[in-house]
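Before any comments, here is the structure.
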Amino acid sequence: MLNKSQIRECLDAFEEMFPDAECELTHSNAFELLVAVVLSAQATDALVNKVTPQLFRKYKSPEDYLAVPLEELQHDIKSIGLYRNKAKNIQKLSHTLIEKFDGRVPSTKQELESLAGVGRKTANVVASVAFQEPAIAVDTHVERVSKRLAICRYKDSVLEVEKTLMRKIPKEEWSDTHHRMIFFGRYHCKAQRPQCEECPLLHLCREGQKRMRKK
């Protein structure tokens, strides 16, 4: 496991490589972000961004999503995986927003998690991006990078990864680090063919060193 100074080195490297990392889901308000993050479950941001411009022109509010038959909404998001379930959840969460939150997206993680299709990761993303609440959302990239670099243990669950990162990273850096780790995992430390040979953190990464020895 990395020590405190080594983790600091990692955070500095993430910042140097991806200083402007931010949420790549196209959105113009908290409600659009919420819908986009729900759609992004087990789908790439790039795929979601192909669908949402037309979707957000058609649906502006929770009421709009409830004004059409479920089948129509399913058709509108059909190119995204799990579209049937996601359409149901979008209509359910739209109903809850109207009934409980006056049609507005709530700002607390606990309230966000009460919405259909919104788990801990989605709540963290919305709270962080839309409401500037410090958070670390653990997606596949954050989990992979954390474990490869031995910031967390390989056997850790997603929740354990999140709690470990929150403990080891200064709170004021949570949100920025979350985005930078996503970029680091998405564009550099990829699941397949990570760029170990040009990684500034190779000297800290046992997995990367093993991969280099096999080449």
Contact list, first residue from the stretch 50-61 and of a type in the set (Asp, Glu), second anywhere and crowded, with 18+ Cβ neighbours inside 10 Å, beta-carbon distance below 9 Å, six or more apart or interchain, is none
(1) open to solvent by 30 Å² or more (accessible area, probe 1.4 Å); (2) of a type outside the set (Lys, Arg); (3) under 21 Å from the mean Cα position of the chain (by Cα); (4) more than 20 Å from ALA30 (Cβ to Cβ): which one isn't true of ILE80, the others all being true? (1)
Of the candidates ALA123, ALA116, the one satisfying the condition of being under 23 Å from THR44 (Cα atoms), without any contact (Cβ under 8 Å) to a residue 40 or more places away in the chain and under 15 Å from the mean Cα position of the chain (by Cα) is ALA123
Given the conditions (1) in contact with a helix residue (DSSP H, G or I) (Cβ under 8 Å, 6 or more places away or on another chain); (2) free of Cβ contacts under 8 Å to residues at least 12 places away in the same chain; (3) of a type in the set (D, E, K, R), report the number of the one that ARG8 does not fulfil. (1)
Could you figure out which of (1) open to solvent by less than 20 Å² (accessible area, probe 1.4 Å); (2) within 16 Å of the chain's Cα centre (by Cα) isn't true of CYS10? (2)
Looking at the stretch 102-215, what helices (runs of 4 or more DSSP H) fall wholly within it and have at least 2 residues that are open to solvent by less than 70 Å² (accessible area, probe 1.4 Å) and touching a Pro at 6+ places or on another chain (Cβ under 8 Å)? 174-187
State whether the residues of the stretch 84-96 include one that is touching a helix residue (DSSP H, G or I) at 6+ places or on another chain (Cβ under 8 Å), of a type outside the set (A, V, I, L, M, F, W, C), open to solvent by 30 Å² or more (accessible area, probe 1.4 Å) and not in a helix (DSSP H, G or I). no
Can you report the number of residues in the stretch 27-57 which are surrounded by 15 or more Cβ atoms within 10 Å (Cβ to Cβ) and within 22 Å of VAL138 (Cβ to Cβ)? 15
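The values are calculated or read from the model by the stated rules, or taken from the named source; none is laboratory data. This one's a predicted model, so the numbers in the text were calculated from it and none came from an experiment. Cβ sites come from the backbone with ideal geometry, for glycine too, and all protein chains shown count toward neighbours. To get the accessible areas, we keep the full protein, side chains included, count just its heavy atoms, and leave off ligands, DNA and RNA. Shrake-Rupley method; radii C 1.70, N 1.55, O 1.52, S 1.80 Å.
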